[in-house]
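Participant: Okay, here's the structure, questions in a sec.
The values are calculated or read from the model by the stated rules, or taken from the named source; none is laboratory data. None of the values given here were measured: they were computed from a predicted structure. In this analysis, Cβ positions are derived from the backbone assuming ideal geometry, glycine residues included, and neighbour counts consider all displayed protein chains.
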Amino acid sequence: MSLFPGRLGIASGRIPHADRHGLLWLSRGNLYIEDGTLRFQTSGSDDIEPGNYAIPYQTISMILLGPGTTITHDVLRIMARQGTLIAAVGEGGVKFYTAPPMGTGRSKIARAHAMLWADEEMRVRIARRMYAFRFQSAFPHEDISVLRGMEGSRMRETYKILADRYGIDWSGRRYDRQNPTAADLPNQAINHAATFVEAAADIAVAAVGALPPLGFIHEDSSNAFTLDIADLFRTEITIPLAFSVAAKNIPEGVLERHIRYEAARWFKKHKVIPRMIEKIKELLYVDDSGSDA
């Protein structure tokens with residue numbers, strides 16, 4: 001039990017996040033407060049008909065605002081009071097523009113994350129679990145450097161298999177950070193797709209209140225844990241997404257835009273962000289049935 005569970009019972013008056021409905025996606029409209037009710041006036045999009053909607057914000061954990069959305073100061077004030085997070089994102093979650101605070105009652109996953117990361121033995125165990133997810137096989141004793149080598153070999157083979165599946169002329173993974181446009185079309189496509197998958201992981205990490213800098217495989221980065229999570233979806237989402245667009249021989253000048261639109265569709269179709277959220281909880285051994293998950 002925490003020493004100070006809540007100030008005068010105010011925090012405990014909120015609906016626990018474990019009992020809320022998770023993420024709400026909104027785009028192309030105005031979010032505002034009217035007579036104490038959160039309302040969304042929209043001209044319509046692919047996901048919602050035109051109209052004016054009342055939103056039960058107390059039962060939502062996080063509102064994701066897509067392109068074409070405006071928001072009033074009252075919304076920010078009342079959402080903060082209820083512990084409902086708000087983030088500005090790209091279409092379908094392909095960009096993540098804000099880093100909202102976790103909010104009161106959102107510390108369980110952060111505390112679990114910090115304790116696992118601070119324990120050297122547990123940190124290695126979590127890293128092994130991440131490799132186990134990728135290989136679909138447990139590695140309870142292998143050294144991390146050995147697993148890195150195995151992963152490198154697996155990825156080289158994966159690139160070849162997927163390139164053949166999508167009819168891509170593949171000569172290997174090559175990327176110059178100083179001159180990214182010097183890479184061939186398939187490699188540029190992978191770079192763009194990886195950026196969008198990392199944005200989805202950013203949203204998932206923020207949604208559960210995990211700690212982005214505390215990575216288990218990646219290190220020395222302000223979003224190391226985000227990169228850890230994004231890599232779990234590399235063979236299933238990142239590379240197929242990149243190759244599926246590269247196979248259409250899209251001109252370099254519009255390649256990023258085409259992959260961005262395709263990524264938004266893939267993220268919805270494959271429920272990428274909700275699956276990332278569940279994977280984070282699984283990795284960190286968190287049961288979110290409690291009141292502060």
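Participant: Can you go through Val197, Val146 and tell me which one is in contact with a Ser or Thr (Cβ under 7 Å, 6 or more places away or on another chain) and of a type in the set (Val, Ile, Thr)?
Facilitator: Going through Val197, Val146 in turn, just one is in contact with a Ser or Thr (Cβ under 7 Å, 6 or more places away or on another chain) and of a type in the set (Val, Ile, Thr): Val197.
Participant: All but one of (1) assigned to a helix (DSSP H, G or I); (2) more than 13 Å from the chain's Cα centre (by Cα); (3) over 28 Å from Ile161 (Cα atoms) hold for Tyr285; state the number of the condition that does not hold.
Facilitator: (1)
Participant: Inspect segment 239-262 for any residue being under 14 Å from the mean Cα position of the chain (by Cα), at pLDDT 95 or above and either closer than 25 Å to Glu151 by Cβ or hydrophobic (A, V, I, L, M, F, W, C) (or both) and give the result as yes or no.
Facilitator: So far as segment 239-262 goes, no, none of its residues is under 14 Å from the mean Cα position of the chain (by Cα), at pLDDT 95 or above and either closer than 25 Å to Glu151 by Cβ or hydrophobic (A, V, I, L, M, F, W, C) (or both).
Participant: Moving to a separate point now. If the requirement is being at negative phi, touching a Gly at 6+ places or on another chain (Cβ under 6 Å) and crowded, with 18+ Cβ neighbours inside 10 Å, which of these qualifies: Ile217, Ile203?
Facilitator: The match here is Ile203.
Participant: Identify the single condition in (1) hydrophobic (A, V, I, L, M, F, W, C); (2) without any contact (Cβ under 8 Å) to a residue 24 or more places away in the chain; (3) farther than 30 Å from Leu24 by Cβ that Ala246 does not satisfy, given that it satisfies every other one.
Facilitator: Looking at each condition in turn, Ala246 falls short on (2).
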